[in-house]
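Novice: I am attaching a structure below and will ask some questions about it afterwards.
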Amino acid sequence: MRITILGSAAGGGFPQWNCACRNCSRFRGGQLRSPARSQAQVVVSTDAGESYLINASPDLRTQILSASFLAPANAPRHTPIAGVLLTSADVDSLAGLLHLREFQPLHIYATPSVRRSALEENRIFRVLNRANPPAIWQDFPLDTWFALTGADSQRVEAPIRCRAVPLGGSYPDYVSDGLRRSSGTDESIIRLLAPDEAIVGLALDLAGKQIFCAPALPGGSGAWKEWVRSSDVSLLDGTFWCDDELIAAGVGSKTAREIGHVPLSGPDGLLQELGPSTRGRRVLFHINNTNPILDEESREHREVRDAGWEIAYDGMQIEL
Ligand SMILES: [Zn+2]
């Protein structure tokens, strides 16, 4: 099994097109030691060459073209991409599906609520149904192992098993009140969107090797810690260094936690929450352009590395 991180930044990428924060400005001026980063995109590939995308980044077309192992193997049309696994209904998780609209049959895995948010709030994703056969949306069960379908339709089960771990958090702003509301009497509430289906982490297991991937850790549940401790590699939410980062940078009015990301530093921050010892590799990705860990000469970058964490970059590969 191989993990490829095609994009390591949070939404907006690094530098962000309209951002003149300290990091983005210093990068443009050649004063910041750090590579540019595209928006978060992870690919998990089997030894047989089948690849699964974790989310579909707004930068997906360029990211696929940058990865030779994702090129078509057969004429006239083919892709080694066997499926897309969605961890949320955020624009950054979904937008790249539109890059996959070239009449390619696809398996898209999501919680029922994320599928409903995507398809009922955004008619544009119906463009994926032009393929023959049309895109197949497959619902995740929560907290249950299930097998991913392989690209080869003759095979009943792909070798990768997947498990969705609910992480708490909320649905994106664009989701309408109509879809959010609960209806019915107290005895028979019909929830159109289930609260625990908003944001999940994904555990992937192949031949006894386990990956845990969580681009967003909203902090509503501590279930992720056990998954990190039992996994060979964990890819975790490195969006913000501190809780008031956006406010201090003058680019937002909400804290990191208010927009669904546990910060890395501080009391109850990710570094402290997990502690120093885990069995496997711990990699931070989905890094916001305001985060000082991007600067390889910063105190914060060194602190993260000294605590045993790796900081993802575009093109990073991990073999298991
Ligand atoms: Zn910036």
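Novice: Residue-wise, which Karplus ³J(HN,Hα) couplings in Hz belong to segment 296-303, taking 6.51 cos²θ - 1.76 cosθ + 1.60, θ = phi - 60°, and x for glycine or proline?
Specialist: Using θ = phi - 60°, the values come out as 5, 9, 8, 4, 5, 4, 5, 4 Hz.
Novice: Please get the size of the charge dipole for the chain, origin at its Cα centre, with Cβ charges of +1 on Lys and Arg and -1 on Asp and Glu, quoted in debye to the nearest 20.
Specialist: The dipole of the chain has a size of about 700 debye.
Novice: Another one. For the chain, what proportion of DSSP beta bridges, expressed in % and rounded to the nearest 5, is antiparallel?
Specialist: For the chain, the DSSP antiparallel bridge percentage is about 55.
Novice: What is the sum of charges around V233, taking Lys and Arg as +1, Asp and Glu as -1, for the other residues whose C-beta is under 14 Å from the C-beta of V233?
Specialist: Net charge around V233: +2.
Novice: Same structure again: Would you mind checking which residues have amide H under 5 Å from Q210's amide H? H placed 1.01 Å from N; only 5 or more apart, or other chain.
Specialist: So Q210 has HN proximity to D232, V233.
Novice: Return one quarter of the surface area of the convex hull spanned by the alpha-carbon atoms of segment 258-305, equal to its mean projected area, in nm².
Specialist: Averaging across all directions leaves 4.0 nm² for the Cα convex hull.
Novice: Another question, if that's okay. Among residues other than D314 whose Cβ falls under 10 Å from its Cβ, what is the net charge (Lys/Arg +1, Asp/Glu -1)? All intermediate terms of the calculation are to be shown ahead of the outcome.
Specialist: Working: positive: R37; negative: D59.
Surrounding charge for D314 is 0.
Novice: If you don't mind, another one. Only helical DSSP H runs with n ≥ 4 go in: add -39500 (n - 2.57) per run for the chain, normalise by residue count and round the 222 nm mean residue ellipticity to 500 deg cm²/dmol.
Specialist: It comes out at -4000 deg cm²/dmol, rounded to the nearest 500.
Novice: Return one quarter of the surface area of the convex hull spanned by the alpha-carbon atoms of the chain, equal to its mean projected area, in nm².
Specialist: Seen from a random direction, the Cα hull of the chain projects 17.4 nm² on average.
Novice: Continuing with this model, one more query. Any chance you could get the radius of gyration and Dmax over the Cα atoms of segment 1-115, in Å?
Specialist: 15.6, 47
Novice: Averaging sequence separations of C-alpha pairs under 8 Å and six or more residues apart, then dividing by the length of the chain, give the relative contact order as a whole percent.
Specialist: In percent, rounded to a whole number, it is 19.
Novice: For segment 1-41, what's the radius of gyration and Dmax over Cα atoms, in angstrom?
Specialist: 11.6, 39
Novice: For segment 185-290, what is the charge dipole size about the Cα centre, in debye to the nearest 20, if Lys and Arg each add +1 at the Cβ and Asp and Glu each add -1 at the Cβ?
Specialist: The dipole of segment 185-290 has a size of about 500 debye.
Novice: Another one. Provide the net charge surrounding H301, with neighbours chosen by a C-beta distance below 11 Å and charges set as Lys +1, Arg +1, Asp -1, Glu -1.
Specialist: Working: positive: R33, R299, R302, R305; negative: D295, E296, E297, E300, E303, D306.
My count for the surroundings of H301 gives -2.
Novice: To continue, here is another question. Stokes-Einstein at 20 °C, 1.002 mPa s, Kirkwood radius from Cα pairs: D for segment 226-297 in µm² s⁻¹?
Specialist: Answer, rounded: 167 µm²/s.
Novice: Using only the alpha carbons, work out the radius of gyration and Dmax of segment 170-320 in angstrom.
Specialist: Cα-based Rg and Dmax for segment 170-320 come out at 17.5, 58 Å.
Novice: Additional query: Rg to Rh for segment 34-186: what is it, with Cα atoms only and Rh by Kirkwood?
Specialist: Details: Rg = 16.2 Å, Rh = 16.6 Å.
Dividing the radius of gyration by the Kirkwood radius yields 0.98.
Novice: Under Stokes-Einstein, with the Kirkwood radius over Cα pairs standing in for Rh, what whole-number D in µm²/s applies to segment 100-139 at 20 °C and 1.002 mPa s? Could the numbers behind the result be given before it?
Specialist: Working: Rh = 10.2 Å.
Taking Rh from Cα pairs, D becomes 211 µm²/s.
Novice: Taking the simple approach of a point 7 Å from Cα along Cα-to-Cβ for both E226 and E120, what is their distance in nm?
Specialist: 3.1
Every number in this text was worked out from the coordinates using simple rules, so none of it is lab data. Please read all numbers here as calculations on a predicted model, not as lab measurements. Here Cβ is always computed from backbone atoms with ideal geometry, including for glycine, and neighbour counts include all displayed protein chains.
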